Amino acid sequence: MVARATDMKNGNRAGIGMTSARTRERLVQRLRDQGISNPAVLDQIRNVPRHLFVDEALATRAYEDTALPIGQGQTISQPYVVARMTEAVLENASPRKVLEIGTGCGYQTAVLSPLVGFIYSVERINVLLDRARARFRELRIQNVHVRHGDGFQGWPTHAPYDAILMAAAPLAIPRALFDQLAPGGRLIAPVGPEGRQQLVRVTKRGEELHTESLGLVSFVPLLQGLG
Ligand code: SAH
């Protein structure tokens, strides 16, 4: 099959074998087998064109369940992890305002965007942010606001957030982020040294924090300052 010009213009470069419905369906089935069960999340994995978030040379691998390089020493998260984190954000909750730390290529943001009210996403590397912004425009994603900044500080202007999602791992969760979490809000983050982190969900109940462990993951580290 050949991609039609109109598809290209609409940012829907489907039709080329590697991005075919069947390839995407195989990924969805794999995530289902691994325990992802929220239908809205699985639909997003099926519908968001992950091949548009990676370099063209890597597009053939876009629907494999692996992290891939996106430049600047960073990676697009593995689809399973994106699905797991999105599920953890949505479980028994419908967050209106979400803070994301680490926009990267914007894939996690795109998967989550129609399932919540607004996403405020902070990225420390400007080149990545510019590319992510262009993709959001191309895909007509309008409820995402991005900012070049240091995620250790969060984004106080729009606080409090119903959910905070971290795409890079700190050794311990920064205090500023807890402070920007709404009462009853939840923060989902990989915590620990490089390549050996626990994915946790921390729920704020009054001054108490309730922590659940969601398994082992491997994320790039949360770095101080701007890139
Ligand atoms: N979910 C993203 C993952 C990107 S990797 C995706 O699907 O592409 C993690 C991102 O966190 C990187 O882009 C990195 O630059 C960013 N990051 C690391 N430390 C940060 C900080 N202190 N503030 C903001 N972003 C940060």
Quiz prompt | Residues of region 180-219 satisfying the condition of being open to solvent by 30 Å² or more (accessible area, probe 1.4 Å), closer than 20 Å to Gln153 by Cβ and within 16 Å of the ligand (Cβ to nearest atom) | solution = Val191
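Residue by residue, here is whether (1) open to solvent by less than 20 Å² (accessible area, probe 1.4 Å); (2) at pLDDT below 95; (3) under 20 Å from Gly106 (Cα atoms); (4) not in a loop (DSSP other than H, G, I, E, B) holds:
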| residue | (1), (2), (3), (4) |
| --- | --- |
| Asn12 | no, yes, yes, no |
| Arg22 | no, yes, no, yes |
| Leu27 | yes, no, yes, yes |
| Arg32 | no, no, no, yes |
Self-check item: Number of positions in region 156-179 that are open to solvent by less than 40 Å² (accessible area, probe 1.4 Å) and either within 18 Å of Lys204 (Cα to Cα) or more than 14 Å from the ligand (Cβ to nearest atom) (or both)
Solution: 11
Self-check item: Filter pass, Ser218 being at pLDDT below 95 and not aliphatic (A, V, I, L, M)
Solution: yes
Quiz prompt | Selection count, region 66-106, where residues are in contact (Cβ under 8 Å) with a residue 24 or more places away in the chain, farther than 18 Å from Pro39 by Cα and either among the hydroxyl-bearing types (Ser, Thr, Tyr) or away from the ligand (no atom under 12 Å from the Cβ) (or both) | solution = 6
Quiz item: When region 107-144 is examined, which residues are found to be away from the ligand (no atom under 13 Å from the Cβ) and open to solvent by less than 20 Å² (accessible area, probe 1.4 Å)?
Solution: Val116
Exercise. Hey, can you tell me all the residues within region 168-189 that are among the aliphatic types (A, V, I, L, M) and within 17 Å of Gly225 (Cβ to Cβ)?
Key: Ala168, Ala169, Leu171, Ala176, Leu177
Self-check item: Residues within region 34-55 that are under 14 Å from Tyr80 (Cα atoms), within 16 Å of the chain's Cα centre (by Cα) and exposed (fewer than 15 other Cβ atoms within 10 Å of the Cβ), tallied
Solution: 2
Exercise. List every residue pair whose Cβ atoms lie under 8 Å apart, where the two residues are 6 or more positions apart in sequence or sit on different chains, the first residue falls within region 124-136 and is over 14 Å from Thr109 (Cα atoms), and the second residue, located anywhere, is in a helix (DSSP H, G or I).
Key: Arg124/Gly151
Exercise. Could you check how many residues of region 194-210 are assigned to a strand (DSSP E or B) and touching a residue at least 12 places away in the same chain (Cβ under 8 Å)?
Key: 10
Quiz item: Residue check: is Thr66 under 14 Å from Leu128 (Cβ atoms) and polar (S, T, N, Q)?
Solution: no
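The values are calculated or read from the model by the stated rules, or taken from the named source; none is laboratory data. Since we're looking at a predicted model, the values are computed, not measured. A quick note on method: Cβ atoms are made from the backbone with ideal geometry, for glycine too, and the neighbour counts reach across all protein chains shown. Remember, those area values only see protein heavy atoms, side chains included, never the ligands or the DNA or RNA. Shrake-Rupley method; radii C 1.70, N 1.55, O 1.52, S 1.80 Å.
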